[in-house]
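Every number here is computed from the coordinates shown, using simple stated rules; none is lab data. Predicted, not measured: the structure shown is a model, and the values here were computed from it.
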Amino acid sequence: MGQNGWDKIKNVLKSWELGDYFRQFSIVAAGIIVTFWGSDKIAEHSRQKEVRATMQLVAEELEYNKEELRKIKRLLDIDVHMSTVLSNHNMDVSKIPGDTLWKYGKLFNNFDEFSYRTDALDVLKGSSLMQYIPEKRMLQDVMQVYFELGRKKKDVGDYYKIKTDVLMGLALSAGRKNILSDDRTFKDEVSYLLEHDNFINFVVMVPGILDWSEFDALDEMLDKQIQTLKAKYK
């Protein structure tokens with residue numbers, strides 16, 4: 001810029017009144033403030049959009065986990081029912097109808113496990129989104145639900161370990177003695193199990209091994225949390 005250019009700028013500045021200067025400064029400052037405010041609003045909108053999407057995934061994951069809980073509960077109910085039938089018939093399989101044995105036969109051969117997903121929760125915990133969720137109590141409730149799912153997984157795992165140890169031990173014993181043969185019926189197999197005290201003791205223990213009411217309580221907790229998340233992040 002030449003000397004003439006600087007002279008023109010100096011003349012403009014000299015011609016400004018003090019009020020003009022502050023007015024021009026205020027306009028510039030206001031523009032800067034609006035720009036930053038707009039940027040913050042855009043960033044906050046983007047974060048809340050991410051929070052909503054992630055929490056929707058959490059709700060979907062909890063729905064999946066609820067169905068898995070109900071599946072394992074149905075299997076465990078079979079065990080409880082069959083153990084009650086055996087106890088009511090004094091462990092005499094000859095008094096139990098064959099179709100009942102088949103219907104509730106999973107007591108004698110099922111070794112399922114309870115599994116649940118945590119992928120959406122892991123995404124939430126691994127990101128910085130948790131700090132942008134203002135409803136901290138709701139967030140705490142979500143964490144508590146996952147904690148209870150973990151407890152239930154351990155409880156179910158402990159139950160099936162006891163069951164596996166008993167049944168596999170008897171199966172190995174039967175194999176060594178060549179007791180299990182092709183012409184033996186399912187009722188024969190059950191009769192063989194009922195010849196052993198450790199299996200009878202297991203059957204008697206089944207209704208009291210787990211606190212079965214906790215499954216219903218957790219189911220209600222899951223359902224309530226799912227509805228809360230859906231209402232908040234629809």
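Here are some notes:
- If the segment from VAL204 to ASN109 were pulled out straight at 0.36 nm per residue, it would be longer than the present Cα-Cα gap by 32.5 nm.
- Between LYS95 and ASP188, the contour length at 0.36 nm per residue exceeds the alpha carbon distance by 32.2 nm.
- Bridging of LYS187 to aspartates and glutamates at a Cα separation below 17 Å is possible for ASP79, ASP92, ASP99, GLU195, once same-chain residues fewer than 8 apart are set aside.
- Global size of the stretch 117-218 as Cα Rg and Dmax, reported in angstrom: 21.9, 67
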